[in-house]
Amino acid sequence: MKKVKKKKRIRFKRVFILIVIFIIIGYIIKSLFSLPVSNIIIKGNTYLSDQEIIDLSGLSNYPSIIDNSSKQIANKLEENIYISSAKVSKNIHREVTIEISENKPLFYNLSKKKTVLMNGKDIDEMLEVPVLINYVPDTIYNDFIKSMSKTEYSILKKISEIKYDPSNVDKKRFLLYMSDRNKVYVTLDKFSKVNNYNDIIEKVLVKYDDKKGTLYLDEGEYFVLN
């Protein structure tokens, strides 16, 4: 007897349901990835504002969370001369976190007509930074930049002028002219003490009734009235 082959029936209803399910899943995935950035968190900035960093990153219009990869955003930021490195991360809440290390401008070198940055490079533009008013020997200059780069930005903004002023005791001594009309003598090996300026001068103001003078941080720590 001949075997009769049974024809398999295509169950169109099941196929239709599967197609609809795949379409729905695809739509949901597309919708999720098309959602805009919900929040941008900026860390590590002092010189550049949050808005400046957002503009540089290309996220000012809060685009889709997948429009740019973390690496692409970081590369955009690192093209800016005032940013030495950037780290970008995203999470499932569509938040973008940007952590940057700044290449802050430190001082304007009047002799060279250049603004010097933390990494030692310089630019032609004159910015609102302390002005180095005289020549510093090359053997000391690089160490001076390193010391300045460790100065807190809030203190850096209070220094108006810097003079290389070596003494017989120390060839690495500098005189800082502060915006509050006080002066500070400091050597490179004690330059970190400048970060304590606000606390020191606050005590001095109480003792000397807000009179101006010179703070000696190069030899001990004492204040002399003008």
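The values are calculated or read from the model by the stated rules, or taken from the named source; none is laboratory data. Note that the structure is a prediction, hence the values are computed from the model and not measured. Here Cβ is always computed from backbone atoms with ideal geometry, including for glycine, and neighbour counts include all displayed protein chains.
Test ASP138 against the stated conditions and say whether it is under 20 Å from ASN119 (Cα atoms), in contact (Cβ under 8 Å) with a residue 12 or more places away in the chain and of a type in the set (Asp, Glu).
Spelling it out, it is not the case that ASP138 is under 20 Å from ASN119 (Cα atoms), in contact (Cβ under 8 Å) with a residue 12 or more places away in the chain and of a type in the set (Asp, Glu).
Got at least one residue in the stretch 204-211 being more than 30 Å from ASN45 (Cβ to Cβ), in contact with a Leu (Cβ under 7 Å, 6 or more places away or on another chain) and among the charged types (D, E, K, R)?
So far as the stretch 204-211 goes, yes, one or more of its residues are more than 30 Å from ASN45 (Cβ to Cβ), in contact with a Leu (Cβ under 7 Å, 6 or more places away or on another chain) and among the charged types (D, E, K, R).
Restricting the stretch 75-85 to residues that are over 10 Å from ILE53 (Cα atoms) and touching a residue at least 24 places away in the same chain (Cβ under 8 Å), which is surrounded by the fewest Cβ atoms within 10 Å (Cβ to Cβ)?
If we take residues in the stretch 75-85 being over 10 Å from ILE53 (Cα atoms) and touching a residue at least 24 places away in the same chain (Cβ under 8 Å), then ILE81 is surrounded by the fewest Cβ atoms within 10 Å (Cβ to Cβ).
This table checks each residue for (1) within 25 Å of the chain's Cα centre (by Cα); (2) modelled with pLDDT of 95 or more; (3) surrounded by 13 or more Cβ atoms within 10 Å (Cβ to Cβ).
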{"site": "GLU125", "(1), (2), (3)": "yes, no, no"}
{"site": "PHE144", "(1), (2), (3)": "yes, yes, yes"}
{"site": "SER154", "(1), (2), (3)": "yes, no, no"}
{"site": "VAL169", "(1), (2), (3)": "no, no, no"}
{"site": "LYS183", "(1), (2), (3)": "no, yes, yes"}
{"site": "LEU188", "(1), (2), (3)": "yes, yes, yes"}
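Quick check, is TYR185 of a type in the set (Phe, Trp, Tyr) and within 19 Å of ILE145 (Cα to Cα)?
Yes: the conditions hold for TYR185.
Go through the stretch 164-177 and report how many residues are hydroxyl-bearing (Ser, Thr, Tyr) and either under 20 Å from VAL131 (Cβ atoms) or part of a helix (DSSP H, G or I) (or both).
The qualifying residues number 2.
Taking SER64, is it assigned by TED's automatic domain parsing to the domain that holds ARG94, under 20 Å from ILE92 (Cα atoms), surrounded by 10 or more Cβ atoms within 10 Å (Cβ to Cβ) and polar (S, T, N, Q)?
The answer is yes for SER64.
Conditions (1) over 18 Å from THR214 (Cα atoms); (2) of a type in the set (Ser, Thr, Tyr), marked per residue:
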residue: LYS150; (1), (2): yes, no
residue: TYR153; (1), (2): yes, yes
residue: ILE162; (1), (2): no, no
residue: ASN168; (1), (2): yes, no
residue: MET178; (1), (2): no, no
residue: LEU188; (1), (2): no, no
residue: ASN196; (1), (2): no, no
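Does the stretch 195-208 include one or more residues that are touching an Asp or Glu at 6+ places or on another chain (Cβ under 8 Å) and closer than 30 Å to SER84 by Cβ?
Yes, the conditions are met somewhere in the stretch 195-208.
Quick check on my filter: what residues within the stretch 178-216 are in a helix (DSSP H, G or I), without any contact (Cβ under 8 Å) to a residue 24 or more places away in the chain and either closer than 15 Å to GLU161 by Cα or of a type in the set (Asp, Glu) (or both)?
Once the filter is applied, which keeps residues that are in a helix (DSSP H, G or I), without any contact (Cβ under 8 Å) to a residue 24 or more places away in the chain and either closer than 15 Å to GLU161 by Cα or of a type in the set (Asp, Glu) (or both), the stretch 178-216 yields ASP189, ASP199, GLU202.
Starting from residues that are basic (Lys, Arg) and not in a loop (DSSP other than H, G, I, E, B), keep the ones in the stretch 60-101 and report whichever is modelled with the lowest pLDDT.
LYS90
In the stretch 119-155, how many are assigned to a loop (DSSP other than H, G, I, E, B) and under 19 Å from LYS193 (Cα atoms)?
4
Can GLU52 be described as in a loop (DSSP other than H, G, I, E, B), without any contact (Cβ under 8 Å) to a residue 24 or more places away in the chain and either among the hydroxyl-bearing types (Ser, Thr, Tyr) or out of contact with any Asp or Glu (no Cβ under 9 Å at 6 or more places or on another chain) (or both)?
no
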